[in-house]
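This report refers to the structure that appears directly beneath it.
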Amino acid sequence: MITLIGDKDSKRTGYFLKAAGKQGVPVRFISWEKIFKGFNYRVLEGAAVKIDPPSYKITELGMMQESLLIYQNILKDMALCRCTFLNTPEAILNVLDKRAAKKELEKHMLPVTRMVSENVNSASQLIGIMRDKREYSVFIKPVNYSGAAGVAAFRLNPASGRMKLYTSCRLDKGKLYNTKKLHVLENNTDIINIIDSLAGMGGVHKMPGLIAEKWYPKDSFNGKSYDLRVVYQYGRVSYIVVRQSDGPVTNLHLNNQAMDFKELMLPENIVSGIEEICSKAVAVFKGLNMAGIDIMLDKGSRKPRIIEINGQGDLIYQDIFSDNKIYSEQVEMLSGKA
Ligand SMILES: Nc1ncnc2c1ncn2[C@@H]1O[C@H](COP(=O)(O)OP(=O)(O)OP(=O)(O)O)[C@@H](O)[C@H]1O
Ligand SMILES: [Mg+2]
């Protein structure tokens, strides 16, 4: 039997149950709703457990941070249970922190999108750093959000001082909201306000911080840039989806197009290079058996580079609506069949 923690009506739950049903494996489902109300974690002792993330309807970034802190505390409690986890709560927490995870990957000599600043606290401080380092194009990211929440691509013209910002965030009456559309801002005052808000957001709890990375130009296919979401689990690549976009941010919920990896027809050495860095990256984090890894290929050289690792990044529509391979493999592994 497998224990699945998740949201009742989510695609993740539905398709995991489908995969388990097909293999005749019983699943004990525990909803986040129940857990948030108070839960005795002892019932998990000895079980084979998959923890899916709770889905939030919240769009305000400050509130999102509060929910995330509650979630992180629950994961810390769950970590005390002796279970066979698909990914341990510690591993999920460790990769959730984009700053710490990036440092860990760099320590192991893995190619990553490098940080220009580990702690952005205002627009003017960031601009100072960009000028000092002569890095005029950066990606700004809150350290532990996902789904492109709070992510912004920022460009500064060093001679004219003109700025451009691509973000799905909207600032309204001093609060930041996550939207499902990428906006382009070209007014310096508006841009500075957004960056300052992202850096200084607090609400009741303090923000975990904001990092800035060098903005790397990506390889393109048929005139559109793309990156890859690689689902790597139990020592091999399970699925790769190509995310094509007109803009700098490729996340699929932002109206971008998914494409079959085979269509790229990448040469064998690049494909094996991607597999190799995924395998090494997952090995860096103890207790991580599955990861959704965002990989970009540098424009020109097509050298693979890790953008980030998601400890719960296994929901791929292209897979669940066809073979449901990712969840089927997880059911096999967790039920001890493989
Ligand atoms: N340094 C960078 N250079 C070029 N593109 C980048 C860089 N960082 C991020 N991106 C683009 O922005 C997207 C979102 O960034 P990132 O994956 O870090 O955010 P996220 O919110 O955690 O996304 P999700 O959790 O949905 O995967 C990436 O998939 C990539 O297309
Ligand atoms: Mg990502």
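Specify the residue that is nearest to the chain's Cα centre (by Cα); the eligible residues are those in segment 233-278 that are of a type in the set (S, T, N, Q) and within 11 Å of ligand 1 (Cβ to nearest atom).
By that ranking, first place goes to Asn251.
Quick one: which of Lys57, Lys103, Lys133 is surrounded by fewer than 18 Cβ atoms within 10 Å (Cβ to Cβ) and in the same structural domain as Arg243 (by TED's automatic domain parsing)?
Lys103
Look at segment 80-111 and say how many of its residues are outside any helix (DSSP H, G or I) and either out of contact with any helix residue (DSSP H, G or I) (no Cβ under 9 Å at 6 or more places or on another chain) or under 24 Å from Ile326 (Cβ atoms) (or both).
Number of matching residues: 8.
Name the residues in segment 308-321 that are closer than 17 Å to Ser10 by Cα and either more than 16 Å from ligand 1 (Cβ to nearest atom) or not polar (S, T, N, Q) (or both), would you?
Residues satisfying the conditions are Gly313, Asp314, Leu315, Ile316, Tyr317, Asp319, Ile320, Phe321.
Does Lys299 qualify as being away from ligand 1 (no atom under 11 Å from the Cβ), more than 16 Å from the chain's Cα centre (by Cα), touching a residue at least 60 places away in the same chain (Cβ under 8 Å) and open to solvent by 60 Å² or more (accessible area, probe 1.4 Å)?
no
If I go through segment 283-294 residue by residue, how many of them are closer than 20 Å to Arg243 by Cβ and surrounded by fewer than 21 Cβ atoms within 10 Å (Cβ to Cβ)?
1
Looking at segment 157-179, can you tell me whether even one residue there is open to solvent by 70 Å² or more (accessible area, probe 1.4 Å), out of contact with any Gly (no Cβ under 7 Å at 6 or more places or on another chain) and within 15 Å of ligand 1 (Cβ to nearest atom)?
No, segment 157-179 contains no residue that is open to solvent by 70 Å² or more (accessible area, probe 1.4 Å), out of contact with any Gly (no Cβ under 7 Å at 6 or more places or on another chain) and within 15 Å of ligand 1 (Cβ to nearest atom).
What pairs come up if the first residue lies in segment 136-148 and is more than 19 Å from Lys218 (Cα to Cα), the second is aromatic (Phe, Trp, Tyr) and within 12 Å of ligand 2 (Cβ to nearest atom), and their beta carbons are under 7 Å apart, counting only those six or more places apart or on different chains?
Filtered contacts from segment 136-148: no entries.
Could you please let me know if Ile30 is under 30 Å from Trp215 (Cβ atoms), modelled with pLDDT of 95 or more and not polar (S, T, N, Q)?
It is false that Ile30 is under 30 Å from Trp215 (Cβ atoms), modelled with pLDDT of 95 or more and not polar (S, T, N, Q).
Taking Lys103 as the residue in question, decide whether it is basic (Lys, Arg) and in contact (Cβ under 8 Å) with a residue 24 or more places away in the chain.
Considered against the rule, which asks whether it is basic (Lys, Arg) and in contact (Cβ under 8 Å) with a residue 24 or more places away in the chain, Lys103 comes out as no.
Filter segment 201-218 down to the residues that are at pLDDT 65 or above, among the charged types (D, E, K, R) and either touching a helix residue (DSSP H, G or I) at 6+ places or on another chain (Cβ under 9 Å) or farther than 26 Å from Leu315 by Cβ (or both) and list them by number.
Passing the criteria: Glu213, Lys214.
In contact with a Ser or Thr (Cβ under 6 Å, 6 or more places away or on another chain), crowded, with 18+ Cβ neighbours inside 10 Å and without any contact (Cβ under 8 Å) to a residue 24 or more places away in the chain - does that describe any residue in segment 256-265?
Yes, segment 256-265 contains a residue that is in contact with a Ser or Thr (Cβ under 6 Å, 6 or more places away or on another chain), crowded, with 18+ Cβ neighbours inside 10 Å and without any contact (Cβ under 8 Å) to a residue 24 or more places away in the chain.
Output the residues belonging to segment 60-71 that are assigned to a helix (DSSP H, G or I) and surrounded by fewer than 17 Cβ atoms within 10 Å (Cβ to Cβ).
The answer is Met63, Glu66, Ser67, Leu69, Ile70.
The values are calculated or read from the model by the stated rules, or taken from the named source; none is laboratory data. Just so it is clear, the structure is predicted and the values come from calculations on it, not from any experiment. Glycine gets a Cβ as well: all are built from the backbone with ideal geometry, and neighbour counts include every protein chain shown. We work out accessible area using only protein heavy atoms, side chains counted, and drop any ligands, DNA or RNA first. Shrake-Rupley method; radii C 1.70, N 1.55, O 1.52, S 1.80 Å.
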